[in-house]
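Visitor: Okay, here's the structure, questions in a sec.
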Amino acid sequence: MSFVCLLGHSAQAEVLLLLSSDAPYYGETADSLQTAAGEDSANALTFRVLTLQSPEADTALTQTWQLIVAIGSKATQQVLSEPGNSPVLSIFTPKNAFENIKVREDAGSPRSVSVIYLDQPLERVVNLATRLKPEIKQLGAVFGPISKTWEDELKSLTSQRAIALNSAHLTPEDNPVAVLRPLVKGSDLFIALPDHAPLNRAVAKWILHLSFQQKVPVIGFSKAYTNAGALASIYSSPEDIGRQAGQFIVARLIEGDTTLPQAQYPRYFTISTNFTVAGSLGIHLPPDNELYRSLEQQETTLP
């Protein structure tokens, strides 16, 4: 369900930004959001910024707002478990986490809810893989308890590009080396998919070690992946997510735009590359901004 709250030019929209914690990346997201909204809306928006731990948070959630922006999974869960009719925008929340959040349905009329996922669309990741290594024939990936929901989509995307998907499933009980070694050995390039944090750490450690041995490039999902030895990573930073959210708010609350979907993947993203790794693999890396532009040009309409 979408929401529209069209305001006159003299009115102000009051927006609550509720952060899951005082972690820097939530604050950076909120700052970027306010900057982007301010650039496009003059003085038509006012923001109140609180964390879940703020003494005023419980009271604030009982009030009526033009919009509540829940930043992170915990804030989203808290807002949607409370009674109230204020529309909600969830940001900086992984798709799987958002889909598992239960919405309270006993508060009279249901809330209007929209979301900007934290995850990158798989199409974007595959496009980056083919841009970095156009001759790729075998793409490696491992699916954990969360990322296994993307398996069919990844198979479809690789099949469309005449690429074989070389994949396996990994659980916390498995020996990661036994699962990952044959995957890396049989792949031209490996993409790391985000999953549970402990599994992410295990996969990162061994994928980067094995890929170094086998001379197989890796695409990660964070700047830390690139720094640790991935050829490149693609992700949406707090600034990227905040920028899109600020524009979303202006479009909805100020301009009355009804064309935006209920759920969106990040429009803006960041690419980080490792030229040392590229040199050791004999891969020519174009500048990051050139990669960004080429991916933008490739993108189709995302769900």
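Visitor: I'd like the carbon and sulfur percentage of the solvent accessible area for the stretch 179-303, probe radius 1.4 Å, heavy atoms only, ligands and nucleic acids excluded.
Guide: Answer for the stretch 179-303 is 54 percent, counting heavy atoms of protein chains only.
Visitor: Kirkwood hydrodynamic radius for the stretch 12-104: how many Å is it when counted over pairs of different Cα atoms?
Guide: Result for the stretch 12-104 stands at 13.3 Å.
Visitor: Using bins 5 angstrom wide from zero, how does P(r) for the stretch 175-287 break down, in % of all Cα pairs?
Guide: Bin by bin from 0 Å, the calculated values are 2, 11, 18, 18, 14, 10, 9, 7, 5, 3, 1.
Visitor: Length gain on complete extension for the stretch Lys185 to Lys223, per 0.36 nm per residue less the alpha carbon to alpha carbon distance?
Guide: Answer, rounded to one decimal: 11.2 nm.
Visitor: How far is helix 122-132 tilted off the main Cα axis of the chain, in degrees rounded to 10, range 0 to 90?
Guide: 40 degrees
Visitor: In a shell of Cβ-Cβ distance under 14 Å around Trp65, excluding Trp65 itself, what net charge do Lys and Arg (+1) and Asp and Glu (-1) give?
Guide: 0
Visitor: Work out from phi, with θ = phi - 60° and the Karplus expression 6.51 cos²θ - 1.76 cosθ + 1.60, the ³J(HN,Hα) of each residue of the stretch 208-221, listed in order in whole Hz, and give x for Gly and Pro.
Guide: My calculation for the stretch 208-221 gives 5, 5, 5, 5, 5, 5, 8, 6, 10, x, 10, 10, x, 10 Hz in order.
Visitor: Got a number for the accessible area of Ser156? Probe 1.4 Å, square angstrom, nearest 10.
Guide: About 50 Å², rounded to the nearest 10.
Visitor: For the chain, evaluate the Debye formula with one uniform point scatterer on each Cα (no solvent term) and list log10 I(q)/I(0) at q = 0.08, 0.14 Å⁻¹, rounded to two decimals.
Guide: -0.39, -1.04
Visitor: Provide the FRET efficiency to the nearest 0.05 for the Arg131-Asn85 pair, computing r from the beta carbons and using R0 = 45 Å.
Guide: Result of the calculation: an efficiency of 0.50.
Visitor: Largest first, what is the accessible-area ranking of Arg111, Arg48, Arg252, Arg201 with a 1.4 Å probe?
Guide: Arg201, Arg48, Arg111, Arg252
Visitor: Also, quick follow-up: May I ask you to compute the full-extension gain from Ser21 to Ser294, defined as 0.36 nm times their residue separation minus their alpha-carbon distance, rounded to one decimal in nm?
Guide: 94.7 nm
Visitor: Same structure again: Pulled fully out, how much extra length does the chain show between Thr171 and Glu99, if you take 0.36 nm times their separation in residues and subtract their Cα-Cα distance?
Guide: Computed gain between Thr171 and Glu99 is 23.8 nm.
Visitor: Turning to a different aspect of this structure: Could you please report the charge total around Phe275, scoring K, R as +1 and D, E as -1 over all other residues with beta-carbon less than 15 angstrom from its beta-carbon?
Guide: Net of charged neighbours comes to -1.
Visitor: While we're here: Counting only the heavy atoms of the protein chains, how much of Glu14 is accessible to a 1.4 Å probe, in Å² to the nearest 10?
Guide: Accessible surface of Glu14 is approximately 100 Å².
Visitor: While we're here: Looking at the stretch 115-254 from every direction and averaging, what is the projected area of its Cα convex hull in nm²?
Guide: 8.9 nm²
Visitor: May I ask which residue of Ala70, Pro24, Ser167 lies farthest towards the positive end of the charge dipole of the chain, with charges of +1 (Lys, Arg) and -1 (Asp, Glu) on Cβ and the Cα centre as origin?
Guide: Of the candidates, Ser167 comes out farthest on the positive side.
Visitor: Please compute the Kirkwood hydrodynamic radius over the stretch 115-169, one decimal place, Å, based on all pairs of different Cα atoms.
Guide: 11.8 Å
The values are calculated or read from the model by the stated rules, or taken from the named source; none is laboratory data. Since this is a predicted model, take the numbers as computed values, not measurements. Cβ sites come from the backbone with ideal geometry, for glycine too, and all protein chains shown count toward neighbours. Just so you know, the surface numbers come from the protein's heavy atoms only, side chains and all, with ligands and any DNA or RNA stripped out. Shrake-Rupley method; radii C 1.70, N 1.55, O 1.52, S 1.80 Å.
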